[in-house]
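Below is one structure, written out as structure tokens; comments come after it.
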Amino acid sequence: MTARVLDGQALARKMQEEIRPEVAAFTAQHGRPPGLGIVLVGENLGSEIYVRNKLKTAADIGFRADLERLPATATLADTLALVDRLNRSAVHDGILVQSPLPKAMGAGAGQRVFDAIAPEKDVDGLTPVNVGLLVQKRAAFIACTPSGIIELLQCERIQIAGRHAVVIGRSDIVGKPMALLLLHRDATVTICHSKTPSLAEVCRQADILVAAIGRAGLVTKAFVKPGAAVIDVGMNKVTDPAVAQTLFAEGHPRLDVFRSKGSVLVGDVHPEVAEVAGALTPVPGGVGPLTISMLMKNTLRAAQARAGQAVG
Ligand code: NAD
């Protein structure tokens, strides 16, 4: 069997085209576009790429998107002051603080900063208010990656209700909200993490397997029940030729990418999983683009709600 490819890129584009006229209508009605403020502190190659893609998509659809940069030497107080300014801004409807914050800011800094975001502008769904509302199944804003995955499963008509979903990873931004969203759609949900014994055996019970780990190719065929839907959230940059060779057989086009660029972007799911899974998201082109589209959708909804407009 070769797994059906779940094309996140195509769905992400469709979602962007769906909101484009709504963004134009908002702009015409309110004399300003919906606005997003992105906070980026310090230098981090991954974050630079994520933020660039978000800014590009936002500009393309007609949003106002401002990159608010702070140097790596910025303090927690500097960052909180910036969030406070964006909270009070009339032209910013959504605020996104790009993770991770510099380590020098101290343990718990990320949480302190997320806590400071006004819940009505929390388009990443990370404030305690929005997380609490999600637990109670009445969320206003839900973390963009898991909500994008739900859109993809629904669009691809992959049944969730009554099925066993296994989520590997328990982060606040992916694993936990993913598990809750699946639970709210009547899946039986198991959450696995770095301390889970017999991980492959547990994962093999899944009808829907979500990998949000951050370890290149950790999920092999041994983790997958034949026919399962496998969602690969991981984004890992492989620079070691030995690792690249364990992932891609000689002659594989991605191995050529590695050889020409010196690195290759891979997920948490080993490519061999395509031989057993029923459906699989590619990396790149799977979950990543959906995350950005959900961010755009949340920003538009935040703008509409702040303007007292009925939210679509
Ligand atoms: P994280 O580091 O916060 O969490 C990783 C989780 O994986 C932890 O809960 C940990 O317990 C678990 N884990 C680690 N090693 C494990 C192991 N050997 N076995 C089982 N579980 C293990 O990471 P995160 O922010 O949740 O992101 C996970 C991955 O998803 C990363 O590669 C990240 O880059 C990617 N990501 C992608 C998108 C996207 O839009 N595509 C968005 C967010 C995160």
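Bear in mind that the values in this text are calculations on the coordinates, not laboratory data. Treat the numbers as computed from the prediction; the structure is a model and nothing was measured. Cβ coordinates were reconstructed from backbone atoms using ideal geometry, including for glycine residues, and neighbour counts include every protein chain displayed.
For this structure, a couple of remarks:
- Based on C-alpha pairs under 8 angstrom that are at least 6 apart in sequence, the chain has a relative contact order of 22 percent.
- Amide H contacts of Arg4 (H built 1.01 Å from N, under 5 Å, at least 5 apart or other chain): Ala279, Leu280
- Of the peptides 3-9, 256-262, the order by per-residue mean of other Cβ atoms within 10 Å, starting with the highest, comes out as 3-9, 256-262.
- For the chain, the antiparallel share of DSSP beta bridges with both residues in that region comes to about 10%.
- Gap separating the Cα centres of the range 247-312 and the range 163-212, nearest whole Å: 18 Å
- In the range 245-312, Cα pairs under 8 Å separated by at least six residues give a relative contact order of 18 percent.
- Between Asp84 and Asp172, the simple spin-label model (points 7 angstrom out along Cα→Cβ) gives 2.0 nm.
- Coarse-grained scattering of the range 144-288 at q = 0.13, 0.20 Å⁻¹, given as base-10 log I(q)/I(0) from a Debye sum over alpha-carbon atoms: -0.53, -1.19
- Ranked by the mean number of other Cβ atoms within 10 Å of their residues, highest first, the peptides 290-301, 60-71 fall in the order 290-301, 60-71.
- Estimated vicinal HN-Hα couplings, Hz - the range 106-117 in sequence order (Karplus 6.51, -1.76, 1.60; Gly, Pro = x): x, 5, x, 5, x, 5, 4, 6, 4, 4, 7, 6
- For the cross-link pairs Lys56/Lys225; Lys176/Lys221; Lys103/Lys221, the ones whose C-alpha atoms lie over 30 Å apart are Lys56/Lys225; Lys103/Lys221.
- The mean of 1/r over all pairs of different alpha-carbon atoms in the chain, once inverted, gives a Kirkwood hydrodynamic radius of 20.2 Å.
- Peptides 151-157, 177-183, 224-230 ordered by average Cβ neighbours within 10 Å, highest first: 177-183, 224-230, 151-157
- Listed by chain and number, the aspartates and glutamates placed with their C-alpha closer than 12 angstrom to that of Lys54 are Asp66; residues fewer than eight positions away on the same chain are left out.
- Within the shell of other residues whose beta carbon sits under 14 angstrom from the beta carbon of Lys121, the net charge comes to -3, with Lys and Arg scored +1 and Asp and Glu -1.
- Our compactness index for the range 30-121, the C-alpha radius of gyration over the empirical 2.2 N^0.38 Å, is 1.06.
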